[in-house]
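Trainee: The structure is given below, and queries will be raised subsequently.
Please treat every number below as a calculation from the coordinates, not as lab data. Just so it is clear, the structure is predicted and the values come from calculations on it, not from any experiment. Cβ atoms come from the backbone with ideal geometry, glycine included; neighbour counts cover every protein chain shown.
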Amino acid sequence: TRMINGLGGSGDFLRNGYLKIMHSPSVRPTKTDPLGITCVVPKCPHIDHTEHDLDVLVTEQGLADMRGVAPKERAKLIIEKCAHPEYKPILEEYLEMATKDCLERGVGHEPQLFDRAFKMQLNLAQNGTMRIKNWDVKVDLCE
């Protein structure tokens, strides 16, 4: 046998399907956090499918139809329709900060704050939850 593009063939389906729909829970419970970790995050350390491969995202919170929608608007749509209510304000705040910062620098097409993009994942590793109090970061620079 030969494996083509991972288990399940989702990559082949998403690249070649007419209407490409994927589903995910908005959150997954953990041993340390009963609400769980969010499946909607500002940036992922690893992805299997790009934004160009997906048309519709579905969670138990709702459905985001992203056909013909630019990256910044996709982010708003996913947060509004698919993110868990507990995480929506956190994600909305990040998107607002990133958009403001990037537009000031003239790079607002896909706004990201690389010093903060993985803060939710870091908080999960350090404190057992992805629910952060704020987006402030302490940057330790090598001396």
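Trainee: Under the 0.36 nm per residue contour assumption, what length would be gained going from the current alpha-carbon distance of Leu63 and Lys133 to full extension?
Mentor: Gain on stretching Leu63 to Lys133: 22.5 nm.
Trainee: Nearest 0.05, what FRET efficiency do Gln112 and Tyr18 give at R0 = 25 Å with Cβ-Cβ as r?
Mentor: Result of the calculation: an efficiency of 0.25.
Trainee: Considering only DSSP states other than H, G, I, E and B, which trypsin sites (Lys or Arg not before Pro) in segment 67-108 qualify as loop sites with at most 11 other Cβ atoms within 10 Å?
Mentor: When the trypsin sites (Lys or Arg not before Pro) of segment 67-108 are filtered for loop state and at most 11 Cβ neighbours within 10 Å, Arg67, Arg105 remain.
Trainee: Let me ask something else about it. Can you compute the charge dipole magnitude of the chain about its Cα centre, using +1 on each Lys and Arg Cβ and -1 on each Asp and Glu Cβ, nothing else charged? Give it in debye, rounded to the nearest 20.
Mentor: 260 debye
Trainee: Enter the per residue convex hull volume of segment 10-127, computed from alpha-carbon coordinates, in Å³ rounded to the nearest integer.
Mentor: Given the Cα convex hull of segment 10-127, per-residue volume reads 110 Å³.
Trainee: What does the helix-only formula give at 222 nm for the chain: each DSSP H stretch with n ≥ 4 adding -39500 (n - 2.57), the total divided by the residues, and the result rounded to the nearest 500 deg cm²/dmol?
Mentor: One gets -9500 deg cm²/dmol as the mean residue ellipticity at 222 nm.
Trainee: What ranking, highest mean first, results for peptides 43-52, 127-136 when packing means the other Cβ atoms within 10 Å averaged over each residue?
Mentor: With the highest mean Cβ count within 10 Å placed first, the list reads 127-136, 43-52.
Trainee: Show which lysines lie in cross-link reach of Lys100 when reach means a straight Cα distance below 16 angstrom and same-chain residues fewer than eight apart are skipped.
Mentor: Partners found: Lys72, Lys76.
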